[in-house]
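The values are calculated or read from the model by the stated rules, or taken from the named source; none is laboratory data. These numbers were taken from a predicted model, which means no experiment stands behind them. In this analysis, Cβ positions are derived from the backbone assuming ideal geometry, glycine residues included, and neighbour counts consider all displayed protein chains.
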Amino acid sequence: MNRYFVYLAYNGKNYCGWQVQPNGVSIQQKIQQCLSVLLRKSITIIGAGRTDKGVHANLMVAHFDLENNIDVYFITEKLNKILPNDILIYKIIQVKPNAHARFDAVSRTYKYYITYQKDPFRFEQLYRLNNQLDINLMNEASNILLKCFDFTSFCKLHSNTKTNICKISIAKWTTMGSTNVFTIKSNRFLRNMVRSIVGTIIRIGENKLSVTDFKKIIDNKIMSKNSVPAHALFLTNIEYPNWIF
């Protein structure tokens, strides 16, 4: 059996999320349908993660299995022709038969975008706020995340995760013109974790919550009630060990 990794991007606006759902159209569903048509057999793809409704991906990775060898360049070209315009396939590559898009990923990186100006072209991908945030305080709070492991406070209730332990290696705010960008990298993420963290840190930037309070929320596993909209969140990178290629 041959295993193939699919590298892709998508605009999540019109989808119920990555994963197949009974009451909506998902990115996974669209790609499976198109692959099945091209390869003339039922194809199931496994994603590296499960982005929520409205979340975008500059880079998502998924895998599928096939008994025979395929021309990956030809399939990539044909797949892009029949997929909707809001889903793009960068490339398809053959990997080791036991490589897994989800379980072998060593890190994932997300970015969240905040703006203070009206933008008629990018408003659907930016979270607009009226007042400037204190980025220095927000970075002070973000540094705390690097020393923590249990992120129960930022996990959506009733999720099926077996553990809320994550190892965050990057958490920082930067400024690009009128846009503030939050970058966070971890070995894994919990459901709604990034949006909850961003929403809570924004409260610090608004001087409505202290950095000390932020640490207490994490240490005492107090459920954060702050979350930001999905439309400004992007999955931007996924890393794998060299042995899978």
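Go through segment 12-58 residue by residue and tally those that are part of a loop (DSSP other than H, G, I, E, B) and either in contact with a helix residue (DSSP H, G or I) (Cβ under 8 Å, 6 or more places away or on another chain) or basic (Lys, Arg) (or both).
So the count comes out to 18.
Could you tell me which numbered condition Met138 fails, if it satisfies all but one of (1) at pLDDT below 95; (2) part of a helix (DSSP H, G or I)?
Every condition holds for Met138 apart from (1).
Val6: assigned to a helix (DSSP H, G or I) and in contact with a helix residue (DSSP H, G or I) (Cβ under 8 Å, 6 or more places away or on another chain), yes or no? Lay out the reasoning, then the answer.
Working: assigned to a helix (DSSP H, G or I): no; in contact with a helix residue (DSSP H, G or I) (Cβ under 8 Å, 6 or more places away or on another chain): yes.
Spelling it out, it is not the case that Val6 is assigned to a helix (DSSP H, G or I) and in contact with a helix residue (DSSP H, G or I) (Cβ under 8 Å, 6 or more places away or on another chain).
Specify the residue that is modelled with the lowest pLDDT; the eligible residues are those in segment 186-214 that are within 21 Å of the chain's Cα centre (by Cα) and surrounded by fewer than 18 Cβ atoms within 10 Å (Cβ to Cβ).
Arg191
Of the residues in segment 21-51, how many are surrounded by fewer than 18 Cβ atoms within 10 Å (Cβ to Cβ) and closer than 18 Å to Ser107 by Cα?
Matching residues across segment 21-51 total 2.
Residues to consider are Val61, Val72; find the one that is out of contact with any Leu (no Cβ under 6 Å at 6 or more places or on another chain) and farther than 26 Å from Asn192 by Cβ.
Val72
Determine, yes or no, whether Phe189 is in a helix (DSSP H, G or I) and either within 18 Å of Arg128 (Cα to Cα) or among the aromatic types (Phe, Trp, Tyr) (or both).
Against the criterion (in a helix (DSSP H, G or I) and either within 18 Å of Arg128 (Cα to Cα) or among the aromatic types (Phe, Trp, Tyr) (or both)), Phe189 does not qualify.
Hey, any hits in segment 153-175 for a residue that's crowded, with 16+ Cβ neighbours inside 10 Å and in contact (Cβ under 8 Å) with a residue 60 or more places away in the chain?
Taking every residue of segment 153-175 in turn, at least one turns out to be crowded, with 16+ Cβ neighbours inside 10 Å and in contact (Cβ under 8 Å) with a residue 60 or more places away in the chain.
I'd like the residue in segment 215-228 that is more than 23 Å from the chain's Cα centre (by Cα) and part of a helix (DSSP H, G or I) and, out of all such residues, is farthest from Ile135 (Cα to Cα).
Result: Asp219.
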